[in-house]
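Here's the structure, in structure tokens; my notes come after.
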Amino acid sequence: MSDTRNQSSSAAPAANTMWGGRFAVGPDEAMERINASIDFDRRFYREDIAASQAHAAMLVAQGIISAEDGDAIHRGLEQVLQEIESGTFAFSAALEDIHMNVEARLAELIGTPAGRLHTARSRNDQVATDFRLWLRGAVDALDAQVRDLQAALIGQAEAEAATIMPGYTHLQAAQPVTFGHHLLAYVEMLGRDRGRLTDCRKRINESPLGAAALAGTSFPIDRHATAAALRFERPLANSLDAVSARDFAIEFLAAGSILAVHLSRLAEELVLWCSQGFAFVTLSDAFTTGSSIMPQKKNPDAAELVRGKAGRVIGALTTLLVVIKGLPMAYGKDMQEDKEPVFEAADTLGLCLLAMTGMIRDLKADRAAMAAACSSGFLTATDLADWLVRAAGLPFREAHHVTGRLVKLAEDGGCDLADLSLEQMQAVDGRITDDVFSVLTVERATASRSSFGGTAPAQVRAAATQARERFL
């Protein structure tokens, strides 16, 4: 039997022209496949071309290359950009990555001047620059999408500021709240998500360009000029750090994971709320699906998928942490594995935000169903205990005990607290007066919670107005 492995390696492939004279033969087919990243890093093409133009302009300004070569490089890169965006550019896996694909095409277009573009830089600082530029744009896009979701939530909160529903702890009915108040909680959570993305962006926005392979360069470059041209805040201060750091990507995935968890929690509530057990909301047909066998079904698939896709984002964070954790300075090919998790996380978050914003924008609250749900669970028990403290002078722990006995009495009688007679209540504690009934409706209980951040309708309306000013 022939040995196909030996056959595969016996034919010596041609040397890669990008490597110069060091290698007598080119890579094995398996090596070419595992080494290539063009299938995913082609997404960097705009950033790669912009960074190359900034680098070439700096080389001209510093007298490192001629103005004529700089002009040729700029024009050639513009043509490469046009070809990629028009779909006529032929990407090659043999050229490994977006950097070599662009450079090779540039050489075909302008000849010798193309070879001067890579002066005073390396693919190590080149890819780190492209990655930061791309991720900076991704953060800006996600921030705008989170803002849109906040706007949808605030709009619904304003419309439902006085809609009373049960508030839950342990998924057990606890106290009455307004639906608007509940939705505004997610506005605050998303606000912190935007804060994390903003903080992350600050650390993304530093330029590695000019750090070269790891040690800087002997050419008299101006790293501040290229940083300014690419709208970076500053160049990174240490060349080793510039090419080896991926904490900016890890930080993005960490912030993205928290955002994904918040979206998942909201999605889970939508799934619960539109189930027959709750029936608090109706999702639009645009974000639900039917069943192939049960014609009555209207499934909250978009919400379920948002809930499920959180795992992808969290998985991306874990992937990159594991890739980076054992790497010494400075660059290792392992770092090629940094891009796909970030791309997938950014894409997933963007899609989930689109779906969630649509669901929130279109949902209809069933106010009658929410009101009906408030009739069980003894939602005003805390208000009764507070009344005993205020009106009867009981210490809260004693009031808590008395209220618990009254809840048990109502539970045994199959009624709510407000349905107990004054005589029944006074049999438990003689200090109770008929004024107690003033606090035993969910409307009054909700309206009484007017402290800052509380659920009273007036407070919710004020909070929604403030949220518009803070976030939109």
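Report, to the nearest 10°, how far helix 179-204 tilts away from the longest principal axis of the Cα atoms in the chain, using its own Cα long axis and a range of 0 to 90°. Taking the Cα atoms of the chain, the angle to 179-204 is about 20 degrees. Heavy-atom accessible surface of the range 341-472, averaged per residue, reaches 49 Å², computed with a 1.4 Å probe. The 1.4 Å probe gives accessible areas that order 422, 240, 133, largest first, as 240, 422, 133.
Using the Cβ-Cβ distance between residue 85 and residue 304 with R0 = 25 Å, the FRET efficiency computed as 1/(1 + (r/R0)^6) comes to roughly 0.10. Sparse packing (at most 12 other Cβ atoms within 10 Å of the Cβ) combined with a DSSP loop state is found for the following trypsin sites (Lys or Arg not before Pro) in the range 266-325: 297, 325. Rg ratio for the range 90-197: its Cα radius of gyration over 2.2 N^0.38 Å, N being its residue count, equals 1.95.
Expressed as a whole percent, the proportion of Cα-Cα pairs in the range 205-333 lying more than 24 Å apart is 54%.
Over the chain, what percent of the accessible surface lies on carbon and sulfur atoms, probe 1.4 Å?
Working: 11930 of 22410 Å².
Looking at the chain in its full context, I get 53 percent from C and S.
Summing Cβ point charges (Lys, Arg +1; Asp, Glu -1) relative to the Cα centre of the range 132-220 gives a dipole of roughly 420 debye.
Divide the volume of the convex hull around the Cα atoms of the range 398-472 by the residue count and you get 116 Å³ per residue. By the Kirkwood approach, averaging reciprocal distances over each pair of separate Cα atoms, the chain gets a hydrodynamic radius of 26.9 Å.
Going by alpha carbons, how many degrees (0 to 90, nearest 10) lie between the helix axis of 123-159 and the longest principal axis of the chain? Tilt of helix 123-159: around 20 degrees. What Kirkwood radius, in Å to one decimal, follows from the Cα pairs of the range 180-261? 14.6 Å is the Kirkwood radius here.
In the chain, the calculated helix contribution to ellipticity at 222 nm averages -20000 deg cm²/dmol per residue, counting -39,500 (n - 2.57) for every DSSP H run with n ≥ 4. Going by accessible surface with a 1.4 Å probe and the largest first, 186, 331 read 331, 186.
Between the helical axis of 67-86 and the dominant principal axis of the chain, each derived from Cα atoms, what acute angle in degrees is found, rounded to the nearest 10? The helix 67-86 is inclined about 50 degrees to the chain. Listed by chain and number, the aspartates and glutamates whose alpha-carbon sits under 14 Å from that of residue 298, ignoring those within fewer than 8 places in the same chain, are 285. Of the peptides 110-117, 88-95, the ranking by mean beta-carbon count within 10 Å, highest at the top, reads 110-117, 88-95.
Only alpha carbons enter this Debye calculation for the range 34-142, each as an equal point scatterer, and the log10 of I(q)/I(0) it gives at q = 0.11, 0.12, 0.23 Å⁻¹ is -0.33, -0.39, -1.34.
Counting only the Cα atoms, the range 132-195 fills a convex hull of 82 Å³ per residue. Backbone amide hydrogens, once placed in the peptide plane, bring residue 177 within less than 5 Å of 165, 167, excluding anything fewer than 5 places away on its chain.
The values are calculated or read from the model by the stated rules, or taken from the named source; none is laboratory data. No experiment lies behind these values; they were computed from the predicted model shown. As a convention, Cβ positions derive from the backbone with ideal geometry for all residues, glycine included, and neighbour counts pool all protein chains shown. Surface accessibility is based on the protein's heavy atoms, side chains included, excluding ligands, DNA and RNA. Shrake-Rupley method; radii C 1.70, N 1.55, O 1.52, S 1.80 Å.
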